[in-house]
Every structure is written in C-alpha cells, then in structure tokens.
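What follows is a set of notes on a single structure, which appears directly below.
Quick note: the coordinates plus some simple rules give every number you see, no bench work behind them. Bear in mind that the values here come from a model prediction, so they are computed numbers and not experimental data. All Cβ positions, even for glycine, are placed from backbone atoms using ideal geometry, and neighbour counts span all protein chains on display.
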Amino acid sequence: MSVIQIGPYRLTGRALLAPMAGVTDLPFRRLCRRMGAALAAGEMISADPRLWDTRESRRRRDHSDEPEPRVVQIAGGDPVTMADAARRNADAGAQIIDINMGCPAKKVCNRDAGSALLKDESVVAGILQATVRAVDVPVTLKIRTGWDAASRNALAIARIAEDAGIQALAVHGRTRACRFEGDAEYATVAAVKQAVRIPVFANGDIDSPAKALRVLRETGADGVMIGRAAQGRPWIFREIAALLAGDATLQAPAASEVRDIMTAHLRDLYEFYGHEPGARIARKHIGWYCTGRPHAEAFRRSVMQVVSAEAQLAMVREFFDALAGTAAVAA
Ligand SMILES: Cc1cc2nc3c(=O)[nH]c(=O)nc-3n(C[C@H](O)[C@H](O)[C@H](O)COP(=O)(O)O)c2cc1C
C-alpha cells in the first residue's frame, strides 16, 4: 500500500482520529497523535464567524503545539460563508480544511448544514468549489452515505467532491436517517473507493485493530477513521499501526502505562481548561479509561464526586497503581 498523501502532507499511518465535538479537544488530539493517529481534525466549528467569539469557540480553534498538519473542520450551508470561514481559518494557521457533511445533529441540520446538505447535490458542488477555490491549503470532506436509504448518493457526492478539487474523503457508513443506529455498512465505502482516485477513509463502528484490518481489506480504502473506539483507548492507533505492519503480538498497555498516559492526559486537560473546569471535563475520559476494569463502577462513582483536580489526579493514580500491583502479583 502506498503512503497516503493529502496535498503536501504525507501521512505517517492509516488510522485517523474522527472529529467529535466535546471529545476531540486539543489535549485529546495531541494525545492521539502521540499514540500514532495520522491525522486528528478539531471539533467542528460553525462557518459563521459571528459565533467564534466565545470562550468555547476560541478553545476549539486553539491548535497550539499540535503536530502538523493541523486540521480544522467547518460546517455551514452556503458557499460564500464556507469559503470565507476556510480562508479565515487557513490564515489563522489551519493546514487542512475539512468540511463536515456528515453531522446528523438537529442543531446543524436545521440550518441546512452537516448531513442535510447531502440532499442537494448542486448545493454540495457549490460549497465544495467555493471552499477549494478560497484557500491554498488542501480541503477534505467528511460525509455519510446519504440522507436516507432511498437516497444513498455517496457515490455521486464523491465524484462531485473529486471534480471540485477535494483532496481526501471520509465516509461514515450510515445515512443521516440512521443517526447512530444499526451497524455501519462498508459496501458503499468500497464503491466510493472504486469511483474516485483521491484517498478514501472508512468510518463507522471500527472498534479494534482486527476490524480496522478487515474494513481496509473489504473496502480497499486507504485508511480508517476511528471515533468512539479511541475514547479511553487512544493507544488503538499504535495497535492498528502494529497490526498493519504485520505485528499481531502487541498487547494492550499494562495498568502502569495506562496510569502514565492518563495522568499526562489529565494534566494537559487541567492546563488547557483551568484546574476545576478541566477536572469536570476529565470525568468522561476517566469513565472511558476505566470501562471494563476491575472495581471500575465503585471507583467511577467516587471519582465523579471529586471537584479538585489534585484530588482527582491522586485518585486516578491510586486506582491504577492498585491495578498495576494486582497485575504484578497475578503475574
Ligand atoms: C460525541 C460525538 C461527536 C461528534 N462530532 C462530530 C463532529 O464535530 N464532526 C463530524 O464530522 N463528526 C462528528 N461525529 C461523528 C464521528 O466523527 C464519526 O463519524 C462517528 O462517531 C462514527 O465513527 P465511530 O463509530 O468510529 O465513532 C461525532 C460523533 C460523536 C460520537
């Protein structure tokens, strides 16, 4: 398989972190990139710059110390606004602009953005052409397979995208109507890959290295995009890289390594958001990291009560130290 190239950027792997609003903030992106994610798009931002002057928006647009290329995802429903948003973000340092036409959220769809756009192919073409023309940096696109089962038009959209100069395409194997129900299907992703020459990334329900390998084989896609499976398991990127390199022996990290990864992640959250707000944001990550581990439920209940970052960090350390000790005794 050849190296994936997006504009001037040669990717260092085949597994990308999917953009997830409320999850893929700067600390999580930096962590996933350290763990081998080849790209990590920021949380979606509205194309409307009037909405950018809030603390949340400013944080979403912060890419300090993020490994290159820095990917900014924008969502919006009209060519002029999208082109303008792309230009402003490129001027502010975005190295790849990603367009979101995959989001099923009402807030986005009601404004004729996100996956609602897939219904109208001429509007899609207008937005993509205007955005590509507006910037010197590569523009990529993320879509679902269509609006609903009766209008699964990912193939047509993919061709429109390629003609407009889009440089890579991620396809979530569900329609808008599916939201997150049922299983993602990959046949449409395979058909899209056949139809275009730009890099294609398969997305949806890829939750293990073995599944990543299977989906890559099944679809012929250039890479995979991982969302929810990276929550509490950012090392999935290095596991996928190892398996693709032919190493099936890589073990899940020991409790002591998970402790070190987590504590670095939590410190980064505290620094980014401030101590108490950071500790609040950290709670969901702690919940994800603990899932499936011994005594996780009781620990989760008590750690969720804690307000101070220092106390939270100490509890996490203690919990994982105990797990590491148990593992050492068991070994
Ligand atoms: C909490 C959450 C937030 C999301 N936010 C975005 C977003 O901002 N932009 C986007 O294109 N997709 C967004 N998605 C969709 C994901 O990028 C991805 O397409 C979807 O979760 C399927 O992949 P997965 O099964 O690997 O999670 C979001 C998904 C989740 C669960």
query = Given +1 on the Cβ of Lys and Arg, -1 on the Cβ of Asp and Glu, and no further charges, what dipole in debye does segment 1-107 carry about its Cα centre, rounded to the nearest 20?
reply = 260
key: Sites GLU318 and GLU121 - FRET efficiency at Förster radius 41 Å, r taken between beta-carbons, to 0.05   = 0.15
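Tell me, in nm to one decimal, what length is gained between MET1 and GLU297 on full extension, where the rule is 0.36 nm per residue of separation less the Cα-Cα distance?
Details: separation 296, 0.36 × 296 = 106.56 nm, distance 4.29 nm.
Gain on extension, MET1 to GLU297, equals 102.3 nm.
Per the Kirkwood treatment, what hydrodynamic radius in Å, one decimal, follows for segment 166-269 from the mean inverse distance over all distinct Cα pairs?
With all distinct Cα pairs of segment 166-269 included, I get 15.1 Å.
Assign unit charges at the C-beta atoms only (+1 for Lys and Arg, -1 for Asp and Glu), then state the dipole size of the chain relative to its Cα centre in Debye, rounded to the nearest 20. Each step should come with its number before you reach the end.
Details: 44 positive and 38 negative charges, 63 e Å.
With Lys and Arg at +1 and Asp and Glu at -1, about 300 debye.
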note = Residue by residue through segment 275-284, the couplings from Karplus 6.51 cos²θ - 1.76 cosθ + 1.60 with θ = phi - 60°, in Hz, x for Gly and Pro, are 4, 5, x, x, 5, 5, 5, 5, 4, 5
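Suppose we take every Cα in segment 263-331 and form the convex hull; what volume per residue is that in Å³?
In segment 263-331, the Cα hull volume divided by residue count equals 74 Å³.
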task = Provide the net charge surrounding SER302, with neighbours chosen by a C-beta distance below 15 Å and charges set as Lys +1, Arg +1, Asp -1, Glu -1.
result = +3
key: Where only C-alpha atoms are counted, convex hull volume of segment 1-86 per residue in Å³   = 111
ask   = Placing +1 at every Lys and Arg Cβ and -1 at every Asp and Glu Cβ, with all other atoms neutral, what dipole size does segment 55-98 have around its Cα centre, in debye to the nearest 20?
value = 200
remark   = Sequence order, segment 15-30: Karplus ³J(HN,Hα) from phi using 6.51 cos²θ - 1.76 cosθ + 1.60, θ = phi - 60°, Hz rounded, Gly and Pro as x, gives 10, 10, 7, 6, x, 9, 4, x, 10, 8, 6, 4, x, 6, 5, 4
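Pairs of alpha-carbon atoms within less than 8 angstrom and 6+ residues apart define the contacts here; what relative contact order does segment 1-99 have, in percent? List each step's numbers first, then the result.
Numbers: 155 pairs, mean separation 23.1, N = 99.
So the answer I get is 23 percent.
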Of ILE166, GLN305, GLN231, farthest towards positive along the dipole that unit charges on Lys, Arg, Asp, Glu beta carbons give the chain = GLN305
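Considering the convex hull of the alpha carbon atoms of the chain, report its projected area averaged over all viewing directions, in nm², one decimal. Don't skip to the answer; put the middle values down first.
Working: hull surface 66.0 nm².
Value for the chain: 16.5 nm².
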inquiry  = Below 10 angstrom from the Cβ of GLU185, what's the summed charge of the other residues (Lys, Arg +1; Asp, Glu -1)?
reply    = 0
task = Could you point to the residue in PRO49, LEU39, LEU26 farthest towards the positive end of segment 10-49's charge dipole, with +1 and -1 charges on the Cβ of Lys/Arg and Asp/Glu respectively?
result = LEU39
ask   = Among all lysine pairs in the chain that are eight or more places apart or on different chains, how many have alpha carbons less than 26 angstrom apart?
value = 13
query = What is the list of residues in segment 271-310 whose amide nitrogen lies under 17 Å from a point 7 angstrom out from the Cα of LYS211, following Cα to Cβ?
reply = 288-289, 291-292
